[in-house]
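**Q** Pasting a structure below so you can have a look.
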Amino acid sequence: MKAALAVAGWELRGAVRSRFVLGAALTFGAMCLGVTLLGLDALRGLGLAGVGPAAAGLVNLGVLVPPLLGLLLGAASLAGARERGLLAMVAAHPISRGAIVAGTFLGLAGALWTTVALGFGLASLVLAGVARVRDLAPLGALVGSTLAVGTAGLGVGVGISAFARGRSQAAAVALAAWFVLALGMDLALAGLAPAVRLGPEGLLVAVLLNPLEAGRILALLPTSAGGTALGPFGAFLLDRFGPAGAGALLVGAIVAWTAAPLAIAGRALARRVV
Amino acid sequence: MSVIEVEGLRKSFGEVVALDGVDLEVAEGTVFGLLGPNGAGKTTTVRILTTLLHPDAGLARVAGYDVVREAEALRHVIGLAGQAAAIDPNLTGRENLEMVGRLYHLSPTEARRRAGEVLERFDLAEAADRPARTYSGGMRRRLDLGASLVGRPRVLFLDEPTTGLDPRSRLELWDVIRELVREGTTLLLTTQYLEEADRLADVIAVVDRGRVIARGTADELKARVGGEVLAVRVSDRSRVPEAAGAILGLGPGGGKVDNNTGEITIPVGGDGTRLLVEAVRRLDAEGIELADISLRRPTLDDVFLALTGHAAEEAPTPPNGTRRRRRSP
């Protein structure tokens, strides 16, 4: 455990000093600020109050950008360390391969969460002036689901990294995975929908197979009592399991998307040449 | 007492045979040099002995621990510096060393103390708080070597520690390694340079195609080459075959012509000066103009030529420093 925490500390320090993470944090912060200001401007134009449109914009940003960041950070981790000889150096010390994976994940999760916190922190500064007490729960769900879905992306990225031959290959696979999860699955389902009638089980599987969709529904769950903003999959979950059951199911799916790739990565690393 | 015992070590990567039955024995407190060209199996041997790879067959014990069954315990008593300087460029030199200390399960205070010691010892104290990416190649290599010592290992593995370094950095690193040995660390060193093995190692094993083909002290190995080597280059490359015909029979044991450089080399035993004069006389009689003629110490190539009949030319290196499986005749 001590050694895993040491690896985590190492990864975190290295990541927060890297240009990639610094650039990503600034870009994400700027995007959050931009979306918030535009959202509030639209709201004022309609003579309304509250944080609704700004929060909706942040949901889309939150389920797309942090997972991409997580995937890329994770993909570069073990593959990059292997290329630089760092992985072999670490593995020659009294630390298990599983602990190396766990430490790497924890350290990078810290960097990712810092990035997300910076982005949402900037947005919160703007929203603080117009937010009402009843907005706190949706905003909390937004931050929580964004962190969770980003962390799932990181888990998948670390999993990719354990198998990749090099950093470039890992990054390419990570990007492809993001496109599939962010766009590909929705497009595929839309294309298949006329031909294949997805039953209740099909709808459930479609949500659980995509952590980004699970994160989006999770973020919108507290604000959508009727399920109208949740889309067909979310509406089905809400109708079938209720808010608490749907929430638990979605959290479970995201946790599984995080833990399973890490477990596979640990096993792969134990068998692979480092 | 042997601190490293290896018996019948074999390792293949698919069709590629990396080790084909390696036997080694290294006495405590000595420096053991593993000498061979790229792809000979040196790195694979080190990776198995440092628990990074599992052997397919054979036994290996380091400091009394089996490298497979007692890997975790073994990792507490070994240090490794690989071919590339394995340091994090975004961290400072001090942070890199502290990190390694933590990997040895040292407390933060103890890790910091040892990092400070190592930085002083390796003349890196002034640069300690600079990011490692700003270090020169020699400094990075020293930091990497220093990192392998933070845990105060009983056995230290250095895999081609000076490859890619300039001559000055190489000499500095040799001094550091000698100091370590004086303090009683057992060291297994792999190298492609006979001179390096000669200067540092008590015993040298020459590895070729996954097998140990010779072992002994540097002097013993050089004796098998036949002492010094006469190296001749002629001005007109087209007359190399003629020159070779005139002088190749001079030495006690053949010689070779390097088709790339046009250099003719002949092992000359202890009779170098006389044979040098004789070579000049013969070439002069043939009217062949000399570009260069010298007596030099044998290189790895010369040792290989003497031991295997072929030069230690660099073959394309398969993954993990391995070679293709030899087919039966």
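**Q** Once you have the alpha carbon radius of gyration of the protein assembly as shown, what is it after dividing by 2.2 N^0.38 Å, with N set to its residue count?
**A** Rg over 2.2 N^0.38 Å, computed on Cα atoms: 1.26.
**Q** Now, a different point. Want the number for B:Thr308 to B:Arg211: 0.36 nm per residue separation, take away the alpha-carbon distance, what's left?
**A** Separation in residues times 0.36 nm, less the Cα-Cα distance, equals 33.8 nm.
**Q** Helix A:231-271: angle to the longest alpha-carbon principal axis of chain A, degrees 0 to 90, nearest 10?
**A** Taking Cα atoms only, the helix is inclined about 10 degrees.
**Q** Just want the ordering: A:Met89, B:Met99, A:Met1, from fewest to most Cβ atoms lying within 10 Å of their own Cβ.
**A** A:Met1, B:Met99, A:Met89
**Q** How charged is the neighbourhood of B:Ser107? Take every other residue with its Cβ under 14 Å from the Cβ of B:Ser107, and add Lys/Arg as +1 and Asp/Glu as -1.
**A** Taking every other residue near B:Ser107 into account, the sum is +3.
**Q** Give me the base-10 log of I(q)/I(0) for chain B at each q in 0.07, 0.09, 0.10 Å⁻¹, Debye formula, one uniform scatterer per Cα, rounded to two decimals.
**A** -0.35, -0.55, -0.66
**Q** Nearest 0.05, what FRET efficiency do A:Ser18 and B:Thr261 give at R0 = 51 Å with Cβ-Cβ as r?
**A** 0.70
**Q** Rounded, prolate or oblate: pick one for region B:226-297, where a ≥ b ≥ c are the square roots of the eigenvalues of its C-alpha gyration tensor, a/c under 1.5 means rounded, and failing that, prolate if a/b is larger than b/c, else oblate.
**A** prolate
**Q** Once you sort the root eigenvalues of the Cα gyration tensor of region A:2-271 as a ≥ b ≥ c, which label holds: rounded (a/c under 1.5), prolate (a/b larger than b/c) or oblate (the other case)?
**A** oblate
**Q** With a sphere of radius 12 Å drawn around the Cβ of A:Ala111, what net charge do the other residues whose Cβ falls strictly inside it have (Lys, Arg +1; Asp, Glu -1)?
**A** So the surrounding residues net to +1.
**Q** Just to be sure I understand: of the beta bridges DSSP finds with both ends in region B:2-222, what percent are antiparallel, rounded to 5?
**A** Looking only at bridges with both residues in region B:2-222, the antiparallel portion is about 55 percent.
**Q** With a ≥ b ≥ c taken as the square roots of the eigenvalues of the C-alpha gyration tensor of region A:110-214, please select rounded if a/c is under 1.5 and otherwise prolate if a/b is larger than b/c or oblate if it is not?
**A** Because a/c hits 1.5 or more and a/b fails to exceed b/c, region A:110-214 counts as oblate.
**Q** Further question: Taking amide H positions as placed in the peptide plane 1.01 Å from N, state which residues far from B:Ala18 in sequence (5 or more) or on other chains have amide H under 5 Å from it.
**A** Hits under the 5 Å cutoff: B:Lys11, B:Ser12, B:Phe13, B:Arg323.
**Q** A follow-up question, please. Determine, for A:Arg132, B:Arg75, the number of other Cβ atoms within 10 Å of each Cβ, and report the residues in order from fewest to most.
**A** Ordered from fewest to most neighbouring Cβ atoms within 10 Å, A:Arg132, B:Arg75 come out as A:Arg132, B:Arg75.
**Q** Given a cut-off of under 8 Å on Cα pairs at least six residues apart, what relative contact order in percent is computed for region A:157-274?
**A** It comes to 33 percent, rounded to a whole number.
**Q** Turning to a different aspect of this structure: Which whole-angstrom value gives the distance between the alpha carbon centres of region B:245-286 and region A:138-205?
**A** 70
**Q** Which is the longest part of chain B that has none of the GluC sites (Glu not before Pro) sitting in a DSSP loop with at most 16 other Cβ atoms within 10 Å?
**A** Looking at chain B, B:71-182 is the longest stretch - no exposed GluC sites (Glu not before Pro) with at most 16 other Cβ atoms within 10 Å.
**Q** For the residues B:Val62, B:Val303, B:Val280, what sequence is obtained by ranking on other C-beta atoms within 10 Å, fewest first?
**A** B:Val280, B:Val303, B:Val62
**Q** A further question on this structure: What is chain B's relative contact order, in percent, from Cα pairs under 8 angstrom and six or more apart in sequence?
**A** 23
Bear in mind these aren't lab numbers, they're just calculated from the coordinates by the rules spelled out. Fair warning: this is a prediction, and the values are worked out from it, not measured in the lab. Ideal geometry is used to build each Cβ from the backbone, glycine not excepted, and the neighbour counts take in all protein chains shown.
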